[in-house]
Amino acid sequence: MDLAKPQVDIGLSTNAIRPMLRFWQEEARVPFDHLLKIRRGQDQHRHDVLGSVLKINHHADPLPQAGPSGYRELIIARRGVPAPQPMADPEGNRVRLVPPGAEGVTQIGVRIAVRDLGAHRRFYAEALGLPEEPSATGAAFRAGESLILLEESPDAPSDASMRGPGWRYITFQVFKVDEVHAEVLAKGGREAMSPTTLGTTARISMVRDPDGNWIELSQRASIVGTLD
């Protein structure tokens, strides 16, 4: 997979936007970038995390109380942090501030609990085409500057819903979403949403990993210049 942006984005969903924004902006000190109106009843508060986008999706209608996804923790490398600093937002979404280089994280890391480490190693290496790096606790895959950390866990969820509170998906920015989507499916990925165009902003699709965690593939016009 040829990345159009050398950082991975991550999205969460909430009904209670004010305390969430207060935590992420004031306590976690993640800068707000801009507000994107996705559709009626859903606003996306986009925050910059060293080039990655933290997407805090505010839903006006009550979210179903769905179980968590396998996305367990956002790790942010931050200069001046002397030791790992675990935190959680008002809804329990975990974030950890670490010195640059801790666990191999030099920008951001996304920790994912998986049921079968071997299946996920094959998925990230073959279907997504990411290079693997040494890991003391499971497996690690480099996506540009970002790091995906996989840890085998017997209580990792299966087939989590896209709709629900908390961490729900990660995003890879690519040059040709239709081509990448087809390649991921051909190499064992599961389709969640076929490629679709969102106005003049982006062309996106969704695939799922072996546990059913949602992954967005995005061809964003502001990054690649075209949606063709």
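The values are calculated or read from the model by the stated rules, or taken from the named source; none is laboratory data. Please read these numbers as outputs of a predicted model, since none were measured by experiment. Here Cβ is always computed from backbone atoms with ideal geometry, including for glycine, and neighbour counts include all displayed protein chains. These accessible areas exclude ligands, DNA and RNA; they are computed on the full protein's heavy atoms, side chains included. Shrake-Rupley method; radii C 1.70, N 1.55, O 1.52, S 1.80 Å.
Select from region 69-83 the residues that are out of contact with any Lys or Arg (no Cβ under 9 Å at 6 or more places or on another chain) and either β-branched (V, I, T) or in a loop (DSSP other than H, G, I, E, B) (or both) and write down the one among them that is nearest to I108 (Cα to Cα). Steps first, answer last, please.
At the first step, the residues of region 69-83 found to be out of contact with any Lys or Arg (no Cβ under 9 Å at 6 or more places or on another chain) are 77, 79-83.
Applying the additional criterion that residues be either β-branched (V, I, T) or in a loop (DSSP other than H, G, I, E, B) (or both) yields 79-83.
Numbers: R79: 12, G80: 15, V81: 14, P82: 17, A83: 16 Å.
The selected residue is R79.
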When residues of region 164-194 are filtered for being modelled with pLDDT of 95 or more and open to solvent by 30 Å² or more (accessible area, probe 1.4 Å), how many remain?
15
Scope region 84-102; condition in contact (Cβ under 8 Å) with a residue 12 or more places away in the chain, open to solvent by 10 Å² or more (accessible area, probe 1.4 Å), assigned to a strand (DSSP E or B) and not basic (K, R); matching residues:
Q85, M87
If you go through region 17-25 one residue at a time, do you hit one that is buried (at least 16 other Cβ atoms within 10 Å of the Cβ) and in a loop (DSSP other than H, G, I, E, B)?
no
Return a yes/no flag: does region 135-153 have any residue that is modelled with pLDDT under 95 and touching a Lys or Arg at 6+ places or on another chain (Cβ under 8 Å).
no
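Using the structure shown, decide if M206 is out of contact with any helix residue (DSSP H, G or I) (no Cβ under 8 Å at 6 or more places or on another chain), closer than 29 Å to P64 by Cα, part of a strand (DSSP E or B) and free of Cβ contacts under 8 Å to residues at least 24 places away in the same chain.
It is false that M206 is out of contact with any helix residue (DSSP H, G or I) (no Cβ under 8 Å at 6 or more places or on another chain), closer than 29 Å to P64 by Cα, part of a strand (DSSP E or B) and free of Cβ contacts under 8 Å to residues at least 24 places away in the same chain.
With free of Cβ contacts under 8 Å to residues at least 40 places away in the same chain, surrounded by 18 or more Cβ atoms within 10 Å (Cβ to Cβ) and touching a strand residue (DSSP E or B) at 6+ places or on another chain (Cβ under 8 Å) as the only criterion, which of H58, H45, H34 stands out?
On the way: H58 fails: free of Cβ contacts under 8 Å to residues at least 40 places away in the same chain; H34 fails: surrounded by 18 or more Cβ atoms within 10 Å (Cβ to Cβ).
The conditions single out H45.
Name the residue, out of A160, A136, A156, that is of a type in the set (G, A, S), surrounded by fewer than 20 Cβ atoms within 10 Å (Cβ to Cβ) and either in contact with a helix residue (DSSP H, G or I) (Cβ under 6 Å, 6 or more places away or on another chain) or not in a strand (DSSP E or B) (or both).
On the way: A160 fails: surrounded by fewer than 20 Cβ atoms within 10 Å (Cβ to Cβ); A156 fails: surrounded by fewer than 20 Cβ atoms within 10 Å (Cβ to Cβ).
The conditions single out A136.
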